[in-house]
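Here's the structure, in structure tokens; my notes come after.
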Amino acid sequence: MLDKVMIALKSIGKNKNRNFLTMLGIIIGITSVICILAIGDGFTSVETKGLQDHNTKNRVTLAFTPSSDDDTTSGFTRNDLSVLEGIKGVDHVKLTSSNPEASVTVQHQTKKASANLNKIPKKLKLSEGFGSTLDADDTSNIFISKDLADKIFKDKALNKRLVINDNVFVVSGVYKIGDFNYRPDIYVSKTTFKQLFASQISQDEAKIYVQSSASKKVVGKSALNEMKKFGEDDKLGKYEVSHPDQITKSFTKTLNNITYFVAFVAGISLLIAGIGVMNVMYITVSERRKEIGIRRAFGATSGDIRNQFLIESIILCVIGGLIGIALGYGLVSIINHFLPFKAVVTAYAIIMSLSVSTAVGLIFGFIPSNKAAKSSLVGLLKEE
Amino acid sequence: MLKVNDIGKKYGKFVALENIDLEVADGEFLAIMGPSGSGKSTLINILGLLDQNYTGEYLLKEKSYKDANDNYLSKIRGDQLGFVFQNFKLLTTYSVYENIEIPLIYSKQKQTNKRELVESVIKQVGLEGKEKNLPSELSGGQQQRVAIARAIVNRPNLIIADEPTGALDSKTSKEIMNIFTDLNESGTTIIMVTHDSEVADYAMRTVFIRDGRLYNNEKSVKR
Ligand SMILES: Nc1ncnc2c1ncn2[C@@H]1O[C@H](COP(=O)(O)OP(=O)(O)OP(=O)(O)O)[C@@H](O)[C@H]1O
Ligand SMILES: [Mg+2]
């Protein structure tokens, strides 16, 4: 078997350019297959993990959307909370925010700007200043982004004072925001955030936990009706039941469309690749009639000849497949910068790709190989 | 070795062979002569089991292969026959060694034996040191030696040679015929087509074909 593979590799190597062009279709096709499967697999694993993370089984979420984009404060109030908790079948209700950042105005001397603010994460890489976080009860220091620093301060921002909503802080660190990252403009300590800014964040989500005896659907409906009647910010926006998987649903839909498109591209390019393989195998067979004749005269059966060309066609496709897998792998790691989840190339995807390449080689190499096997021997031996 | 009874062959209406009777004994060295287009290659292709499309009876080692299937014919060709052609018919991108190895790929030899077998026939035809060369790097005579080595690597009973010296000068032809004579003396039966009566003189017996008919079919031992 190994010697047969060597023979195939040798004759493929003899026509590198021609064979590479033939492989292109396979390469594109397999690259697409790898990407589709990687995105699909990555997404499924996120989705299933997500379900395990926050149990949405006994929870209905009511969302408030303000009618004005500038409105960042309206949402569910304390009174709303007690109304919701009074509904039959409700266990308890949590008010949260879909966007946990506070919108603030900042000022240094005469320069003013608006900015987003949040509490400090556990670790942050600073480009200027020391340390990687702020003490939980540090009420004087803040970190700001390089962009904001450039906007407000003429020169160095470090150790300068910055006024945020009438409170004075000292900039003790500056961080850069990478191209593919999102960060707010300002970080403050946990305590500062709680004391000064938490109240500014609109609580536009009510997570209603339903008693196990009650129906989510019914509770959701009555909660919506209650809010339409009694909601304090009813005039400022719209209430709706947000299905926990609504976001994922719309995302899945886009993803599906992309997947169909890529699958279509993969299918077409594999089909064209197959036709190319068939063509190149026809050419090879007619170029090598002498070789076929010689092998037949010295003991090769027509089956041996057919297998020789089939192996060649399969190897041609598998090489294309391997290049496609490598390219797909590279492409997936690039795509991962833009995806909200991590696409993964699984062993299954690699096996799948290799099977597809083998199948293309087998299917489209079969007719030419059979032609080689079935030629009349005397005719073949007249070839020079 | 073989026996031919009333063999005929037509290409459409054209009669290429007619009424051929021929017997070749084990260990014989037969030359077939005749003008161009007389049917020499046509006959020898039938004898070499390369062409099954004929009328009449052909027995190789007392067996008829008229109805044998393709796989079986391939096996017989590989195991019992060895071919030498006028224009060598070497694979131009394969080395001397690889060319000679071809019949072994399709026989059931062990890998270790294969190397030995190839080395021994390379020695036999006097091509030591040329194993890695391509055919294009050899002279015509050397190329024909490669072809002979390939024909005998499986130790066949019968060598079928279609104008083995047709592309060689008379000096080189003599060298090739000496190899043939050695092979014949060590027991291999040889059937050879040639135009050259000097070459035919190396054979034990010569038959003539003209217009598809065989003449002078009597024994005439010359050596
Ligand atoms: N495939 C074919 N179709 C039709 N006619 C053929 C075919 N092959 C051979 N012939 C004819 O059969 C006759 C014998 O051909 P063959 O090749 O046996 O000649 P030959 O004796 O070997 O000649 P040369 O010495 O030139 O090789 C020729 O007249 C040739 O034209
Ligand atoms: Mg001829």
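The values are calculated or read from the model by the stated rules, or taken from the named source; none is laboratory data. Model, not experiment: these values are computed from the prediction. Every residue, glycine among them, receives a Cβ derived from its backbone with ideal geometry; neighbour counts consider all protein chains shown.
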Looking for whichever is within 16 Å of ligand 1 (Cβ to nearest atom) and assigned to a strand (DSSP E or B) here; the options are B:Glu23, B:Glu57, B:Glu18. Which one fits? B:Glu18
State whether the residues of segment B:99-109 include one that is within 13 Å of another protein chain (Cβ to nearest Cβ), within 25 Å of A:Glu384 (Cα to Cα) and within 16 Å of ligand 2 (Cβ to nearest atom). no
Scanning segment B:132-163 for residues that are within 25 Å of B:Gly34 (Cβ to Cβ) and within 12 Å of chain A (Cβ to nearest Cβ), which turns out farthest from ligand 1 (Cβ to nearest atom)? B:Pro156
Taking the condition within 10 Å of ligand 1 (Cβ to nearest atom) and either assigned to a loop (DSSP other than H, G, I, E, B) or among the β-branched types (Val, Ile, Thr) (or both), does B:Ile44 pass? yes
Going through (1) over 30 Å from A:Arg183 (Cβ atoms); (2) modelled with pLDDT under 85; (3) not in a strand (DSSP E or B) one by one, A:Val60 fails only at (3)
Determine whether segment B:179-192 contains at least one residue that is within 16 Å of ligand 1 (Cβ to nearest atom), under 30 Å from B:Lys108 (Cβ atoms) and within 14 Å of another protein chain (Cβ to nearest Cβ). no
Have a look at B:Gly12, B:Gly27, B:Gly37, B:Gly56 and point out the one that is farther than 22 Å from A:Arg296 by Cβ, surrounded by fewer than 20 Cβ atoms within 10 Å (Cβ to Cβ), within 14 Å of ligand 2 (Cβ to nearest atom) and of a type outside the set (Ser, Thr, Tyr). B:Gly37
Considering each of A:Leu331, A:Leu322, A:Leu354 in turn, give the residue that is touching a Cys at 6+ places or on another chain (Cβ under 8 Å) and surrounded by fewer than 24 Cβ atoms within 10 Å (Cβ to Cβ). A:Leu331
For segment B:164-172, indicate whether the set of residues that are within 14 Å of chain A (Cβ to nearest Cβ), within 16 Å of ligand 1 (Cβ to nearest atom) and either under 15 Å from the mean Cα position of the chain (by Cα) or modelled with pLDDT of 95 or more (or both) is non-empty. yes
Looking only at segment B:193-200, decide whether some residue is within 14 Å of chain A (Cβ to nearest Cβ), out of contact with any His (no Cβ under 8 Å at 6 or more places or on another chain) and within 16 Å of ligand 1 (Cβ to nearest atom). yes
Does A:Leu162 fit the bill of being over 25 Å from A:Thr73 (Cα atoms) and touching a strand residue (DSSP E or B) at 6+ places or on another chain (Cβ under 7 Å)? no
Restricting segment B:66-92 to residues that are surrounded by fewer than 21 Cβ atoms within 10 Å (Cβ to Cβ) and within 17 Å of B:Thr42 (Cα to Cα), which is farthest from the other protein chains (Cβ to nearest Cβ)? B:Lys66
Single residue of segment A:331-384 satisfying the filter (of a type in the set (A, V, I, L, M, F, W, C), within 14 Å of chain B (Cβ to nearest Cβ) and in contact (Cβ under 8 Å) with a residue 24 or more places away in the chain) that is nearest to B:Asp51 (Cα to Cα): A:Leu377
Give the number of residues within segment B:60-100 that are of a type outside the set (A, V, I, L, M) and not in a helix (DSSP H, G or I). 19
Among the strands (runs of 3 or more DSSP E) confined wholly to segment A:100-212, which include 2 or more residues that are outside the structural domain of A:Lys238 (by TED's automatic domain parsing)? A:102-108, A:111-119, A:141-145, A:161-164, A:167-175, A:186-188
